[in-house]
Amino acid sequence: MRAGVAAALMLATLLIGGCSGATVAATSGPTAASAPAAGSSLSASDFAAATKLPDTVLLDVRTPSEFSAGHITGAVNIDVESATFPQLVATLDPAKNYAIYCRSGSRSKVAMTAMGQAGFSHLFDLAGGIGAWQSAGGQLVTG
């Protein structure tokens, strides 16, 4: 019985370890078949696929210094904690899809709530934020 459990654990370790080389990218890889449900929190791979859909804006809601230190390729930065966030959001097209992320997933939820109240309905975020993106092998650009 113990040998069977040990074998199962070894197989699980090999299967999990075999997936660790996978990476996610906002510019390559598969595209989602359809837009995610409004308000969805997506895994890094699902988020990457959804960002490739037409009329999707990748929105980084961290501070400008966090954005400069490293962000997902193609992201637009609007700091959700800035006093100008509502005014900047008002300049966006509410008909587009918005793929929103932050550091850990908390500020993206705040941004989705505020944007929803402003009339945006096609919103989804990256579960676990940019940390989850990097853990999944996602690359960042600086500047």
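The values are calculated or read from the model by the stated rules, or taken from the named source; none is laboratory data. Computed from a predicted structure; not experimentally measured. Because the Cβ atoms are built from the backbone with ideal geometry, glycine has one as well, and the counts that use them run over all protein chains shown. Surface accessibility is based on the protein's heavy atoms, side chains included, excluding ligands, DNA and RNA. Shrake-Rupley method; radii C 1.70, N 1.55, O 1.52, S 1.80 Å.
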Task: With DNA, RNA and ligands ignored, accessible area of Glu81 (1.4 Å probe; Å², nearest 10) - done: 130
Task: In Hz, Karplus ³J(HN,Hα) per residue of region 102-114 (6.51, -1.76, 1.60; θ = phi - 60°; x = Gly, Pro) - done: 9, 6, 10, x, 6, 5, 5, 5, 4, 5, 4, 5, 4
Task: Estimated FRET transfer efficiency when R0 is 22 angstrom, pair Gln139-Thr113 (beta carbons, to 0.05) - done: 0.15
- [ ] Divide the volume of the convex hull of the Cα atoms of region 30-119 by its number of residues and quote the answer in cubic angstrom per residue.
- [x] 95
- [ ] Leaving ligands, DNA and RNA out of it, work out the accessible area of Arg62 with a 1.4 Å probe and give it in Å² to the nearest 10.
- [x] 10
Open item on the list: In Å², and per residue, what accessible area does region 70-111 have when probed at 1.4 Å with the other protein chains present?
Closed with: 47
